[in-house]
Structures are given as structure tokens and as C-alpha cells.
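Written below as C-alpha cells is the structure these notes are about.
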Amino acid sequence: AKDVVVPAEDEFYEGRVLTRLHYTRERNPRIRAKLLQARSSAGLNCEICAISYPSVLANIHDAAFEAHHVVPLAEAGVRVTRLADMALLCACCHRLIHRIIATERRWVTVDEARRIIFAENSAV
Ligand SMILES: [Zn+2]
Ligand SMILES: [Zn+2]
């Protein structure tokens with residue numbers, strides 16, 4: 001009989017589902033719109049890298065930013081999402097934090113993601 005090898009992909013399965021659910025919730029346009037509205041008076045900027053894209057045209061400026069849940073849905077369960085549960089991230093950092101979460105196979109906070117993303121710069 002052949003040895004049964006558990007595919008490495010199986011270890012990613014839960015994390016990928018979590019990420020997909022997370023993204024699905026984030027696509028709720030009302031949450032993102034409210035977050036953008038709340039942050040716009042102080043000026044939109046990424047909570048990881050602080051980029052604000054000041055030179056981007058005003059009518060498309062918001063497209064640089066995305067809403068990210070700071071608490072994983074698996075821990076929070078069914079709940080009402082409040083703006084305090086959301087972080088405003090640039091599209092690049094948002095992609096990076098989810099790649100880190102998938103790679104680490106655990107939840108990663110915004111502060112931790114910032115340290116990981118800029119680790120090479122700070123090590124110089
Ligand atoms: Zn950023
Ligand atoms: Zn997210």
C-alpha cells in the first residue's frame with residue numbers, strides 16, 4: 001500500500017476560507033464608504049505605511065484605499081461591524097497583510113504587519 005501523503009494545500013484550507021470570508025465582508029460598500037467618510041476630514045492615509053497619495057486626482061483618490069477588519073471573523077463570530085473594527089489601508093498594504101496572514105497561518109495585527117513589511121528597511 002502506498003503511504004498517504006497529506007497535501008500541503010490542506011494546511012492552507014482554513015486560512016484561505018477565512019481570508020475569503022473576510023474579503024466578502026469587506027466588500028460591503030456601506031462599511032467602506034462610512035470609513036472613508038469618517039477619515040476624510042483628517043485626510044486619508046494608510047494605517048500601515050502612512051501613504052496618502054496627495055497628488056492623485058480628488059475624484060479617484062479614494063480608490064487607493066480599502067477597508068480591513070482588524071478582528072478576524074472566526075474569532076468575532078456573527079456581529080455588527082463598527083467603524084472601530086476597521087482599518088483604512090492602501091491597496092498594496094492590504095494585499096500584503098493578507099499575504100502575511102496566509103503565510104503565517106494566523107491572524108496578524110496592523111502593527112505587526114507594519115513591522116514585518118518594513119523589517120528590511122529598519123534592519124539596514
Ligand atoms: Zn500602505
Ligand atoms: Zn482585510
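Please treat every number below as a calculation from the coordinates, not as lab data. No experiment lies behind these values; they were computed from the predicted model shown. All Cβ positions, glycine included, derive from the backbone under ideal geometry; neighbour counts span all protein chains shown.
Restricting the range 31-57 to residues that are among the β-branched types (V, I, T) and either in contact with a Lys or Arg (Cβ under 6 Å, 6 or more places away or on another chain) or in a helix (DSSP H, G or I) (or both), the residue that is surrounded by the most Cβ atoms within 10 Å (Cβ to Cβ) is I48.
Filtering the range 79-96 to residues that are within 15 Å of ligand 1 (Cβ to nearest atom) and in a helix (DSSP H, G or I) leaves A91, C92, C93, H94, R95, L96.
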